[in-house]
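Q: Before I ask anything, let me first share the structure, which is written out below as structure tokens.
The values are calculated or read from the model by the stated rules, or taken from the named source; none is laboratory data. Predicted, not measured: the structure shown is a model, and the values here were computed from it. Reconstructed Cβ throughout: ideal geometry from the backbone, glycine too, with neighbour counts over all protein chains shown.
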Amino acid sequence: MRVAIIQFPGSNCDWDAWHAVHEVIGLPAARVWHKSELPSGVEAVIVPGGFSFGDYLRCGAIARFSPIMEDIHRFAENGGPVLGICNGFQILCEAGLLPGALIRNSGLEFRCLTQCLAPEDSTELFNKSNLGERIFLPIAHGEGNYRLEENALADLEANGQVLLRYSVHPSEGYGHGNPNGSVNDIAGVRNQAGNVLGMMPHPERVVENYHPGLDGLTVLEAFLDPLIKSNPVEVAGA
């Protein structure tokens, strides 16, 4: 196993993430129960979407206390790559691995749609030249409204820690704009070191030719690029 996909009670996107990483991209991956230890030899961690612990108290507020989170903290502190998707993003924020918090959508509605996103020039792998000026990914959340204290938000922007922003297609005029009220249209962020990433959109849901686009595959390949380059298995779509 090279990629650990964390499973909490209430996770429902762990199999999708496993399929995308293991069967489509071709990296050895496995689902790891939240009460287990992070297996030795793991090179990347994905905290998937869902409704961990039923979203009681707040999204991710209980999952942050799961035993495996201590291992994920250590893994991240040692430079290991961690990606939180939707509920996984919420968990990483609650755990202090990412700045900010996700609160109830401004319209108080659960938003489920294909969303236009604008990648930012945030890291060597997450940038416009690698991902494109606009990408389209599914979203499905009721608490995706990203919030951050004003001074911390200024630092986040100055440090280039924004990964993705909600957008509309510049020529077509579609894409729904900001679906949840997130400050500065923020859809995804990273930590200062650049190894912990979180996003509300679901890249694992658009990774194959029969899906409406392959932008999700592009995003996951950017996150897993160092592993893919060293993987002897032929990468799907290469």
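Q: Across the range 179-191, which residue is surrounded by the fewest Cβ atoms within 10 Å (Cβ to Cβ) among those that are assigned to a loop (DSSP other than H, G, I, E, B) and either more than 16 Å from the chain's Cα centre (by Cα) or aliphatic (A, V, I, L, M) (or both)?
A: Gly181
Q: Quickly run through the range 215-238 and pick out the residues that are on the phi < 0 side of the Ramachandran plot, in a loop (DSSP other than H, G, I, E, B) and either at pLDDT 95 or above or small (Gly, Ala, Ser) (or both).
A: If the condition is that a residue be on the phi < 0 side of the Ramachandran plot, in a loop (DSSP other than H, G, I, E, B) and either at pLDDT 95 or above or small (Gly, Ala, Ser) (or both), then Leu224, Ser230, Ala236, Ala238 are the ones that fit.
Q: Whether any residue in the range 7-16 is touching a Leu at 6+ places or on another chain (Cβ under 9 Å), surrounded by 18 or more Cβ atoms within 10 Å (Cβ to Cβ) and outside any helix (DSSP H, G or I) is what I want to check.
A: no
Q: Tell me, which strands (runs of 3 or more DSSP E) wholly within the range 29-128 include 1 or more residues that are surrounded by fewer than 19 Cβ atoms within 10 Å (Cβ to Cβ)?
A: 29-33, 101-103, 111-119
Q: Residue under question is Ala152, and the condition is that it be modelled with pLDDT of 95 or more, under 17 Å from the mean Cα position of the chain (by Cα) and under 26 Å from Ala76 (Cα atoms); does it hold?
A: no
Q: Mind checking which residues of the range 32-65 are in contact with a Gly (Cβ under 9 Å, 6 or more places away or on another chain) and of a type in the set (D, E, K, R)?
A: Once the filter is applied, which keeps residues that are in contact with a Gly (Cβ under 9 Å, 6 or more places away or on another chain) and of a type in the set (D, E, K, R), the range 32-65 yields Glu43, Asp55, Arg64.
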